[in-house]
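Beneath this line is the structure, given in structure tokens, with notes to follow.
What follows draws every value from the coordinates through simple rules; no lab data is involved. None of the values given here were measured: they were computed from a predicted structure. FYI the Cβ positions are ideal-geometry reconstructions off the backbone, even for glycines, and counts take in every protein chain you see.
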């Protein structure tokens, strides 16, 4: 005989319906809580949200460059830098237009819902055209810059060469180099566009600036050059030619000192080049890697120059005596007269006065001549009688 199994209720059969109900209730409560929270947040929020002071806005900032009036590109700033004083809202002026040289203002879009926080500036059709073109005037031509040619220092025969930086010439662009163009130095090349509506572009090491210029930085290498320098070439000096003063007709001449010309040497004469004077000739080398060698009266100085001292003789010229012949005295003639006796009496005393002590001499001479004449006549007659 089979026994009829009894119906046994398990714990599982008893608890299943309550767990499902509890889970459903919890889910419903959570959904309701989220819904109420969302409604509360919506009720707390204003109808038109206003951006905070740290809210960022992209603007076109006015520069002073006619060729690029709104800089190389837009800039992004926060609301505070626009609205607070001094801020971009104070950069007033119209939208840049051809022919203007100054006075244009920033281009700023409205801020907030429909511009309720800030209405914007220069947000006209022209301003928006520039704004939407990357803050560049429509039709602006880009200029691509090439990297400058850089030459580093080189050590050759213990001599260090100078480095250099040479910008590449581009039409419509000017360059300016500043800094230290030297071994271990740093230099900056600044490029600027000179033509209207042209803009420089970054690249090849160039960095754009807000004013539309571009800069290129060069760092020169450190080149060591510690080798022994070459031995200087000696230059042997020669004594200058010195001419002392001379006397000519009792007048002393001017003395002189003339250095001997030598390649690579220049001279300077100071002092008193004169009779009894003292002069100094200074020699200086003018070529690299040369040095003076003292000789023939030259003295070397610490600065590498050499000096030669000249003491001129004291020349005294004797006075020249000039002999002047005595003046000749002429006796005036006696006046003419018609009386012979008067003439004789007038002339005879004068003749006696002129001859004076010499009258005896002339008488003796006359007697001698008469005697000689008599002898000559006698001899002549004697000779004729013999024949």
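Take every Cα pair under 8 Å whose residues are at least 6 apart in sequence, average their separation, divide by the length of the range 142-219, and the relative contact order is 30 percent. The mean sequence distance of close C-alpha pairs (under 8 Å, at least 6 residues apart), as a share of the length of the range 233-311, puts its relative contact order at 31 percent.
Name the shape class, rounded, prolate or oblate, that the alpha-carbon gyration tensor gives for the range 77-156, where a ≥ b ≥ c are the square roots of its eigenvalues, rounded holds for a/c under 1.5, and otherwise prolate holds if a/b is larger than b/c and oblate otherwise. Intermediate results must be reported in sequence, preceding the final value.
Working: a/c = 2.95, a/b = 2.06, b/c = 1.43.
Prolate, since a/c reaches 1.5 and a/b exceeds b/c.
For the range 50-139, the relative contact order works out to 30 percent when only alpha carbon pairs closer than 8 Å and six or more residues apart are counted.
For residue 132 and residue 289, the FRET efficiency from 1/(1 + (r/R0)^6), where r spans their Cβ atoms and R0 equals 56 Å, is about 0.25.
Placing a pseudo-label 7 Å from each Cα along the Cα-to-Cβ vector at residue 151 and residue 123 gives an inter-label distance of 5.7 nm. When both the range 246-322 and the range 116-159 are represented by their alpha-carbon centers, they are found 67 Å apart.
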